[in-house]
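*Asks:* This is the structure I want to talk about, given as structure tokens.
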Amino acid sequence: MIIGIPRETASGESRVSATPETIRKIVNQGHRVMVQSCAGVRAGVTNKVYEAAGATIGSASDAFGAELILKVVAPSDSELTLIKRGTVLVGMLNPFNNETIAKLAERGITAFALEAAPRTSRAQSLDVLSSQANIAGYKAVLLAAHHYPRFMPMLMTAAGTVKAARVLILGAGVAGLQAIATAKRLGAVIEASDVRPAVKEQIESLGAKFVDVPYETDEERECAVGVGGYARPMPASWMQRQAQAVHERAKQADIVITTALIPGRKAPTLLSAETVAQMKPGSVVIDLAAAQGGNCPLTVADQVVIANGVTICGPTNLAGEVAADASALYARNLLDFLKLVFTKEGQFDVNLEDDIVAACLMCRDGQVIRKNA
């Protein structure tokens, strides 16, 4: 089978969907890989390196003309015109965007969105959300350190002592836990909050203090358990108590990193404008939920704004700023997914009895398989 690796054209996207490591493995399985010229330059991979791994370098038309295309993000309208009917497309296609999936179906594309994979042990090796969120959590702390006008660690110098920065992390999923670990390495004093009680041990094991908001009803406890590794919307009564706890700690924090997301829904508000107004001048907010509306109403996607002396950053693709490692992890995720749709003989086969394949299949034969309300 001919597998195409196009160069990503989305604004600010520097990742690539295949690396020399994964291309060698794909070629060894009997497939031909067509890489668009300069597809990996922003991730530190040249055409010569791809060729040495066994790939053929071609044009955009060559890559998009392949039988199976591996992408980082969903193709643009102009890219769609280069894709033939019956082509298989695998990538992070935003499965909750019905318009995007409808366009793919209209073009007769068989599309798999890896973000839709179930959060199970078997699917961990192809969990693109986790692999990219891990990088985002790391980079978020470095971005905060860049904007924070003081040192992160405590320093004792001849000129006096510098206090350690106080960091508050809201949401302890993959990104949040990596942010805790990174901030700890930089010497910060860390507190973290999450609706799920199960993450308390993880938070404390990384050296942070858990901001505990007790549950008062069975409904609150049930919602806190979450679904598929994600938090569920919490009752208003609990949200009010958490908001008050966050408000008090944010006033004392130097850096706040918010990471809370609910798949397919607007991000919950965790840091109110009123709280930001009472934060210390010079403090920093990094809102990792900016692409889904933000955890703070003052966040502007892909911009840095200053409100009441507080710097608020709304990055939507921090993983793309660590392009080499982000691409390496993502390419391995794709490779592990391909193992599920190729037989041992190298034939493409959609096995809908496989729960991962069935969950990721968005459209096929001109029909939308999964549509969100």
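Any read-out appearing in this document is the output of simple, stated calculations on the displayed coordinates, not a laboratory observation. Quick caveat, the model's predicted, so the values are computed rather than measured. We place every Cβ from the backbone using ideal geometry, glycine too, and count neighbours over all the protein chains shown.
*Asks:* Quick one: 3J(HN,Hα) in Hz for the stretch 43-49, Karplus 6.51/-1.76/1.60 with θ = phi - 60°, rounded, Gly and Pro as x.
*Replies:* After applying 6.51 cos²θ - 1.76 cosθ + 1.60, I find 9, x, 10, 8, 4, 4, 5 Hz.
*Asks:* While we're here: Show log10 I(q)/I(0) for the stretch 133-317 at q = 0.09, 0.13, 0.17, 0.19 Å⁻¹, two decimals, from a solvent-free Debye sum over equal Cα scatterers.
*Replies:* -0.29, -0.60, -1.04, -1.32
*Asks:* Here's something else I'd like to know. Given N residues in the stretch 1-117, what is Rg(Cα) / (2.2 N^0.38 Å)?
*Replies:* Ratio of Rg to 2.2 N^0.38 Å for the stretch 1-117: 1.00.
*Asks:* What ³J(HN,Hα) values, in whole Hz, does the Karplus curve 6.51 cos²θ - 1.76 cosθ + 1.60 give for the stretch 341-354 when θ = phi - 60°, with x put for Gly and Pro?
*Replies:* 10, 10, 6, 4, 8, x, 8, 6, 8, 8, 9, 6, 7, 7
*Asks:* Right, something else. Take the Cα radius of gyration of the chain and divide it by 2.2 N^0.38 Å, with N its residue count; two decimals is plenty.
*Replies:* After normalising by residue count via 2.2 N^0.38 Å, the value is 1.06.
*Asks:* Still on this structure, I have one more. When the Karplus curve 6.51 cos²θ - 1.76 cosθ + 1.60 is applied with θ = phi - 60°, which whole-Hz ³J(HN,Hα) does each residue of the stretch 237-251 get, with x for Gly and Pro?
*Replies:* My calculation for the stretch 237-251 gives 4, 5, 4, 5, 5, 5, 4, 5, 5, 5, 4, 5, 6, 5, 4 Hz in order.
*Asks:* Let me ask another. Would you grab the residues whose amide H sits under 5 Å from the one on ILE257? Only those 5+ places off in sequence or on another chain, please, with H modelled 1.01 Å from N.
*Replies:* Those qualifying (amide H under 5 Å, at least 5 residues apart or on another chain) are LEU168, ILE169, LEU170, ILE286.
*Asks:* Right, next: Past the 19 Å Cα-Cα mark, which pairs from LYS71/LYS344; LYS163/LYS184; LYS209/LYS266; LYS25/LYS84; LYS200/LYS266; LYS209/LYS251?
*Replies:* LYS71/LYS344; LYS209/LYS266; LYS25/LYS84; LYS200/LYS266
*Asks:* How long are the semi-axes of the equivalent ellipsoid of the stretch 263-373, taking √(5λ) for every eigenvalue λ of the Cα gyration tensor, in whole Å from largest down?
*Replies:* Equivalent ellipsoid semi-axes, largest first: 41, 18, 10 Å.
*Asks:* Counting other Cβ atoms within 10 Å, keep those with at most 10, restrict to DSSP loop, and tell me which trypsin sites (Lys or Arg not before Pro) in the stretch 314-361 are left.
*Replies:* Listed in order of number, the matching sites are LYS344.
*Asks:* For the Cα atoms of the chain, what angle does the longest principal axis make with the long axis of helix 128-147, in degrees from 0 to 90, nearest 10?
*Replies:* Helix 128-147 and the main axis of the chain meet at about 40 degrees.
*Asks:* What share of the DSSP beta bridges in the chain is antiparallel, in percent to the nearest 5?
*Replies:* In the chain, DSSP labels about 25 percent of beta bridges as antiparallel.
*Asks:* Could you work out how far the C-alpha centroid of the stretch 319-365 sits from that of the stretch 125-162, in angstrom?
*Replies:* With the stretch 319-365 and the stretch 125-162 each reduced to a Cα centre, they are spaced 32 Å.
*Asks:* Taking Cα centroids, how far is the stretch 194-214 from the stretch 31-87 in Å?
*Replies:* 43 Å
*Asks:* If you don't mind, another one. Would you mind checking the tilt of helix 174-185 against the longest principal axis of the Cα atoms of the chain, expressed as 0 to 90 degrees and rounded to 10?
*Replies:* Between the helix axis and the principal axis of the chain, the angle is about 60 degrees.
*Asks:* Kindly put ASP365, ASP254, ASP354 in sequence by how many other C-beta atoms sit within 10 Å of each C-beta, fewest to most.
*Replies:* By the 10 Å Cβ count, ascending, the order reads ASP365, ASP354, ASP254.
*Asks:* Given a 10 angstrom Cα cut-off, can you work out which residue in ALA245, ALA323, ALA140 is the most mobile in a GNM of the chain?
*Replies:* Greatest mean-square fluctuation among the candidates belongs to ALA245.
*Asks:* Give the order of LEU168, LEU334, LEU155, LEU80 when sorted by the count of other beta carbons within 10 angstrom, beginning with the fewest.
*Replies:* Taking fewest neighbouring Cβ atoms as first place, the list is LEU155, LEU80, LEU334, LEU168.
*Asks:* Averaged over every viewing direction, what's the projected area of the C-alpha convex hull for the stretch 89-231? Give it in nm², one decimal, please.
*Replies:* 12.0 nm²
*Asks:* Give the calculated FRET efficiency between ASP349 and LYS266 to the nearest 0.05, with a Förster radius of 35 Å applied to their Cβ-Cβ distance.
*Replies:* 0.40
*Asks:* Give me THR87, THR46, THR19 ranked fewest to most by other Cβ atoms within 10 Å of their Cβ, as a rough exposure proxy.
*Replies:* So the residues, fewest neighbours to most, are THR46, THR87, THR19.
*Asks:* Gaussian network model of the chain, Cα springs within a sub-10 Å range: biggest mean-square fluctuation belongs to which of GLU51, GLU353, GLU248?
*Replies:* The residue with the greatest mean-square fluctuation here is GLU353.
*Asks:* Let me know the charge dipole size of the stretch 1-106 about its Cα centre in debye, to the nearest 20, where only the beta-carbon of Lys, Arg (+1) and Asp, Glu (-1) is charged.
*Replies:* Its charge dipole is roughly 280 debye.
*Asks:* Which whole number in µm²/s is D for the stretch 267-330 by Stokes-Einstein, with the Kirkwood Rh taken over Cα pairs at 4 °C and 1.567 mPa s?
*Replies:* Estimated diffusion coefficient is 105 µm²/s.
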